[in-house]
Each structure stands twice: as structure tokens, then as C-alpha cells.
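Asks: Let me begin by handing over the structure; questions about it come next.
The values are calculated or read from the model by the stated rules, or taken from the named source; none is laboratory data. None of the values given here were measured: they were computed from a predicted structure. For neighbour counting, all protein chains shown are included, and Cβ atoms are generated from backbone atoms with ideal geometry for every residue, glycine included. Surface accessibility is based on the protein's heavy atoms, side chains included, excluding ligands, DNA and RNA. Shrake-Rupley method; radii C 1.70, N 1.55, O 1.52, S 1.80 Å.
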Amino acid sequence: MKRNNTGYIVNIDNKIEKSYKLVEIAGNTAQKTLYFRIGKRDISPGNFFMLNYNCAQKPFSVSGYDGDVVGFTIQDRGECSQKMINAKAGEYFGLTGPLGNNFDLSKSKNALLIGGGIGSAPIKFLAETLVKKNINFSAFFGARSVDFLKYLFDLDKKRDRIKYYTDDGTYGAKGFVTDDLDEALRTGNFDAICLCGPEKMMVKAIEIVGGRIKNIQISMERYMKCGVGLCGSCVLDDISARVCEDGPVFSYFDTIVNCREFGKYHRDGLGIIEN
Amino acid sequence: MSIKFGNTVFLRNGVLASGILGVTGYSMLKVAEDGAGGVTCKSISKIERKGHPTPVVQVFNSGVINAVGLSSTGVERTTSELKILKDKSDAVVIASIFAGTVEEFGETASMIDENICDMIEVNISCPNVADEFGLPFASDPKISGEITRVAKNSTKLPVIIKLSPNYPNICEVAKSCEANGADGITAINTLGPGMLIDVHTYKPKLSNKKGGVSGPAIFPVALRIVYDLYKAIKIPIIGMGGVTEAEDAIQMIAAGATLYGVGTGILYKGTSIFKNINAALDNYLAEKKMKYEELIGIAHRI
């Protein structure tokens, strides 16, 4: 996001919805990746877009971008995402973005990336970016079953530092993405951790890390009505941060550690607290 | 600098408009900490109420259109959020209320906690369910006056009425509210309704098809209305509609606003917009060797 030296946002172009043709939709019944030819844009891992299809709108993190085509991996999580995964190539979607901030590994020499469930989508984009930049990393991805992991297999297969976990043992290790974390930290020489996934998983991971790594970046998800910093639906309690505008990526030790609702509750579309 | 708005003292002269960042206590607190002297919550109804499905907000070149559809968590839940703002800040806490009938405005006003809130803003731009055509209350001076009286009789708090720019009789509405005891006026609510259409699907960009317009696009209309209102009524005005920088706020005050308001301006300048406008306003007054009170309505005395 471009800001001048007084902190003023000088460019609102990214906040104006434009429609793009769905050029390809790939995947299985568990989840699909939707591709749009958006051209050359400033898109980084962690950024998200508001996707609007047939008057159903939700935020989605970017799961891949090659400098021309942007991808969003969508899992059936309700009426809106269901509509979207049933869309056909050639149909138009309204895209607002890129929005929000991004993971920042500019100071890292060896990061550990952890993705759980559909939270693996932005982590996949981050891993691809690190591969391109030739920066060392390891990645752990966890999901219910192999069908929920398949879109990640595009990642460079030569990488021996990617581990998969499934609840049912249909791929990789049977168990949770946090199972080998303690051992990985003892032997891996990591200087940063990037997390995206269910909050209970992220809480567990942070607990295992303890104080061993100071640079922990987590991508938060909250209900968003507008995505552009105005409605206030996604503001986090105590820290007063808007997930859409000040996040979605936050430093754990600088901000989220003081966030009362992290791992405990969130709000619905009206603003009512849900556990 | 502190400013008297009727009998209410504002320690800083910018007010957060209703509907922007006004759902949770910590969200409103951030805006107060960033320099707002008054903070208005998103309009609340007696009980919980669902709004329109997304998309409800769309940005265009010179502003925003929205059709959030008056979603509300109800008075009780919002009061607990407002308590956070009251306990942790020195901002004037303004509860914005809406209702479907004149009587319901009274019931809702009576439910606003007088220990937590400092002022009630009545949003009369919502549809009158008793009206044959569901016209907003704000279109009718007589009903707007009745709502004012009912609200005033239901609370000890100062009551201000937020006017809609979408009816040519806005000064008549304001006079009727004043005659029925209103302590102030907020002007203006969103202009319109407006519309945006996708150029490939030809579908409206909002789920509700149409929505209220805010942001820089409506500033000249808002300013003209504040100018007209200042001549028509004696009660103080919060001037809002497209204020995005100090010069806009100065114009609003010169046209007759006692306080300026910001909503969509946050899209362009972030929540620190209040701090920045207030600092620029202080410099401006110092340079002009002018008191804030002298600036209010000065455009009418030149």
C-alpha cells in the first residue's frame, strides 16, 4: 500500500472493484483454484482480494501469482464460496485488491511456514515466492485429507523441506501440523515463523515455540463487510486493529499477543461475538 | 481547544460519522485516540436486525456507495461496546438510533444508557414502515418533528437529528425538529441513492442495487446544505459529507457548522485524519489571529 510521509494513503485504485474473466478453474470437489488474468500488479504473499460473483462477496487470500495470472483457492465453506466454486471459466468476477499487508521475510534467512486447512493457500504463495528468490525455508501443511492438499503439490517437488499432515492419514503423516514442531525448532535453525490457519492451530504452534523465535507473523481471518477499512467488522478487540487494512498479517509479539480475542472468539456479520 | 455544542462540551472539534468503524468498542476507541472529539456508533435499533448481503460497500473514483441496510446488534450489545469507549476515552459518546415507527424512536431513545452515552443522534433517513410507500421519515417535516418530540420526551440526553440531503425541504425539516426541541442537527447523511454497474456483467455492483453516496463527490452539496441550514435554524450543526482535509473542515465551519464530521474520509486518510485536520485548523486560526467561535458561520457575515 502506497503511503506518503504523513501516513496518508495516496492511491485508492486497489480499492475500486474491476471485473475480470475467470480464465481457468481447477481442482476437485474439496476445493478449487480460480485463476484471473489480472496483468502486472503489485501483489505479495498475504495480500487478499474481495471477490464478487453474482452478488456474493467475500475476501480471499492470493494463493498464487506469476506476474500475470492470480489464483485464489476456495473451499466450500458456505453459500458464497459454494457459488464461486461452481462458477464456469469465461464468467466474470468483480475483484477488489490487492488489499491488506503481506508477510515480510526480507530479514529472514531460513523461515518455517505453517499452513492449516485453507490457511495453506497464502502460505503456498509465500513458499513459491521464497523458491523464486532462492531463500531457504521449510513448510508444514496440514489438512483433513489428501483431497484438501492436492493444490499444494504444484510446489517445487524437489524440495525435501515440505512436510504434509492429514487428519486421516491419506497423505503424509497422520496427525497435526504442529506434531513435529518442537523437534523442527530444535534442529532447524529457523529465524522466523509464518502461520495461517485455524486459530486453535496457531495458538498451539505459538505455545510450542515459546520464546524461541521472536519473528512470528500470523495471518488473521475475520468477517469483513467492506474490506477497505471503513465498516469496522474486522476490528480486533483491545488492539483496535482492522484485519483488512492494518493486517491481515500481524507480528505475534508486537500486536496479537495483546489481542483478547485471538484463539478465543470472533464476531459474525452483525458484530455479535461467537466462540 | 474545547467547543460547546449546545450544553455538551467537545474537547476536540471533529466527530466520527455514524456507520464508519462504529461497531465495536475498541474500533471506536481507536478513532477517539486518533483525535475525534465525538464518536458516533453505527445506528442501532431496539433489537438485533440483519442488513443486506454483501457486497454492501463499493468504492468509486471520488467516493463510496453503500447499502449496509441498517444492520444492528441491538441497543443492549451496542451499549456494552459504547461503555468501552466511555471508560477509556474523553470523547463525547454519541448513540445513533433508528426505528420503523415514531413510537419506536421513543422506546429506543429511552433504552439508551444515560451514564454511558452523552448524546443521542436520531437517524431519520430510514423508511417509515407505516407510510404507504415506505418513504423515509426525513422526507416529512411534520413526522420528523414528531420523532424529535417523542425522542426528547424519552431521555434526559441531548438529542440531535441527522438529516437526509435527498429532499428539497431539508430546511423545513430542520425547523420542525428545532421547534420540537432538537438540541442540534447533523448534516448530511448519504446522498442519493446512487448506483454502479459492472461493465462486463451489467449487474449492479451492490447486492441492494442502489446505495447512499458518500465521500469527496458529495462535499459541495453537504457544504451548501450546512450554509442553508445555518440561516434557517439557531441550534448548532455538525457539518459532514465528504470532508477529507482541513480546508473542507474550515469551509464547513465557515458555512455554519459548530463541529465538523468525518466518515468516508478515513478511506483516504486513515483514522489519523482527525489529528491532522485539528492541527491544521489550529495553525490556520493562529495565522488568521481568529478564535474558533469567530470562524463559525463567518461566510454569512462577509
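Asks: Per-residue accessible area for residue A:224 at 1.4 Å probe radius, Å² rounded to 10?
Replies: For residue A:224, the solvent-accessible surface is approximately 20 Å².
Asks: Mind checking the full-extension length gain between residue B:197 and residue B:279? Use 0.36 nm per residue of separation minus the Cα-Cα distance, one decimal, nm.
Replies: Values: separation 82, 0.36 × 82 = 29.52 nm, distance 3.94 nm.
In short, 25.6 nm is gained.
Asks: Continuing with the same structure: Can you grab the distance from the C-alpha centre of the range B:252-302 to the C-alpha centre of the range A:74-137, Å, no decimals?
Replies: The range B:252-302 and the range A:74-137 have Cα centres spaced 43 Å from each other.
Asks: Excluding residues on the same chain fewer than 8 positions from residue B:152, give the aspartates and glutamates whose Cα lies under 15 Å from its Cα.
Replies: Qualifying aspartates and glutamates at Cα under 15 Å: B:103, B:104, B:107, B:113, B:114, B:118, B:121, B:178, B:183.
Asks: Can you give the local net charge around residue A:192? Use residues other than it whose beta-carbon is closer than 15 angstrom to its beta-carbon, Lys and Arg +1, Asp and Glu -1. Let's see the in-between values first.
Replies: Working: positive: A:107, A:109, A:133, A:161, A:212, A:214; negative: A:104, A:191, A:254.
Spelling it out: positives minus negatives among the neighbours equals +3.
Asks: Next question, about the same structure. Within 10 Å of each candidate Cβ there may be at most 15 other Cβ atoms; applying that plus a DSSP loop requirement, which GluC sites (Glu not before Pro) in the range B:68-149 survive?
Replies: Answer by residue number: B:114, B:132.
Asks: With springs connecting C-alpha atoms under 10 Å apart, model chain B as a Gaussian network and identify which of B:96, B:207, B:144 has the largest mean-square fluctuation.
Replies: B:207
Asks: Express the accessible area of the protein assembly as shown per residue in Å², computed with a 1.4 Å probe while the remaining protein chains stay in the model.
Replies: That works out to 41 Å² for each residue.
Asks: Given contacts defined as C-alpha pairs under 8 Å and at least six residues apart, what's the relative contact order of the range A:110-274, whole-number percent?
Replies: Relative contact order for the range A:110-274 comes out at 18 percent.
Asks: To the nearest 0.05, how large is the calculated FRET efficiency for residue A:68 and residue A:107 if R₀ is 25 Å and r is the Cβ-Cβ distance?
Replies: 0.30
Asks: Shifting gears a bit: Please list the non-local residues whose amide H lies under 5 Å from the amide H of residue A:171, H modeled 1.01 Å from N, same-chain partners needing a gap of 5 or more.
Replies: A:146, A:166
Asks: Efficiency by 1/(1 + (r/R0)^6): what FRET value for residue A:40 and residue B:132, r their Cβ-Cβ distance, R0 = 56 Å, to the nearest 0.05?
Replies: Calculated value: 0.55.
Asks: Something else now. Which is the longest run of chain B containing none of the trypsin sites (Lys or Arg not before Pro) found in DSSP loop states (not H, G, I, E, B) with at most 14 other C-beta atoms within 10 Å? Write out the running numbers ahead of the final one.
Replies: Working: sites that count: B:50, B:156, B:234, B:289, B:291, B:301.
So the longest stretch without any such site is B:51-155.
Asks: Same structure again: Return the distance in nm (one decimal) between the two label points of a simple spin-label model at residue A:21 and residue B:179, each offset 7 Å from Cα along Cα→Cβ.
Replies: The two pseudo-label positions are separated by 6.2 nm.
Asks: Right, here's the next one. Using only alpha carbon pairs under 8 Å that are at least six residues apart, calculate the relative contact order of chain B and give it in whole percent.
Replies: Relative contact order here is 17 percent.
Asks: If ligands, DNA and RNA are left out, what is the accessible area of residue A:79 with a 1.4 Å probe, given in Å² to the nearest 10?
Replies: Taking all protein chains as shown, residue A:79 has close to 150 Å².
Asks: Given a 1.4 angstrom probe, I'd like the percentage of the accessible area of chain A that is carbon and sulfur, rounded to a whole number.
Replies: C and S atoms contribute 47 percent here.
Asks: Taking chymotrypsin sites (Phe, Trp or Tyr not before Pro) as candidate sites, keep only those in a DSSP loop with at most 11 other Cβ atoms within 10 Å, then name the longest stretch of chain B containing none of them.
Replies: B:1-132
Asks: Go ahead and set up a Gaussian network model of chain A, Cα springs under 10 Å, then flag whichever of A:129, A:255, A:96 fluctuates most.
Replies: Result for chain A, Cα springs under 10 Å: A:255 fluctuates most.
Asks: Taking the alpha-carbon distance from residue A:107 and a cut-off under 23 Å, which lysines remain once sequence neighbours fewer than 8 residues away in the same chain are dropped?
Replies: Filter leaves A:2, A:124, A:132, A:133, A:214.
Asks: Could you name the lysines in cross-link range of residue A:174, using Cα to Cα under 19 Å and dropping any fewer than eight places away on the same chain?
Replies: Those lysines meeting the cut-off are A:150, A:163, A:200, A:204.
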